[in-house]
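Below you'll find the structure, written out as structure tokens, and then a few comments.
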């Protein structure tokens with residue numbers, strides 16, 4: 001019989017439990033943004049090719065920027081990186097909305113690539129925070145398992161959310177509600193001072209906070 005005792009023990013700490021729950025908000029775009037971009041651009045242009053290209057630019061930006069963001073977090077800590085991403089990510093999505101409605105192809109491409117490059121690395125920071133907050137390997141393993149389940153659920157639920165919004169939007173009017181309510185990430189200042197991975201003098205983490213700041217990704221049919 002499956003026992004949840006380890007999970008209850010792992011998340012017995014109120015700051016860790018609260019941080020994990022709040023971080024779900026900022027990670028919803030993991031399973032939403034790519035498909036939402038495709039639907040948005042296709043709706044505005046009538047071309048699935050352009051929608052797919054825009055989604056590809058988003059993923060390319062994400063892949064190319066991720067190592068650099070990780071290096072910056074290692075050197076300077078998560079606070080500055082996440083604050084920058086919290087502003088840049090929704091701003092890029094706002095530019096995408098404008099570019100698609102104004103029929104400016106180069107702006108669509110630039111905005112989607114910028115959105116991918118500035119996607120907040122909340123999951124990486126959350127797992128680092130867990131590793132520092134939980135010293136018992138069994139509890140850490142349970143926390144990482146919960147993380148993995150969360151990511152899988154987001155990948156399953158995210159496209160369903162996009163489909164619901166796409167199916168219920170007015171035929172010729174952009175919806176004012178985004179697929180994930182607001183694509184957020186004003187997030188995870190996990191340490192009192194910036195920490196460096198592998199450094200001997202590492203500040204003990206405090207509770208992370210994820211505050212929602214979003215750009216509305218509007219979908220029309």
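Values in this text are rule-based calculations from the coordinates and carry no lab data. Model, not experiment: these values are computed from the prediction. Cβ atoms come from the backbone with ideal geometry, glycine included; neighbour counts cover every protein chain shown.
Ranked by the mean number of other Cβ atoms within 10 Å of their residues, highest first, the peptides 141-153, 83-95 fall in the order 83-95, 141-153.
With neighbour counts taken as other beta-carbon atoms within 10 Å, the residues 161, 32 rank, fewest first, as 161, 32.
Taking each residue as 0.36 nm, the span from residue 107 to residue 5 lengthens on full extension beyond its C-alpha to C-alpha distance by 31.7 nm.
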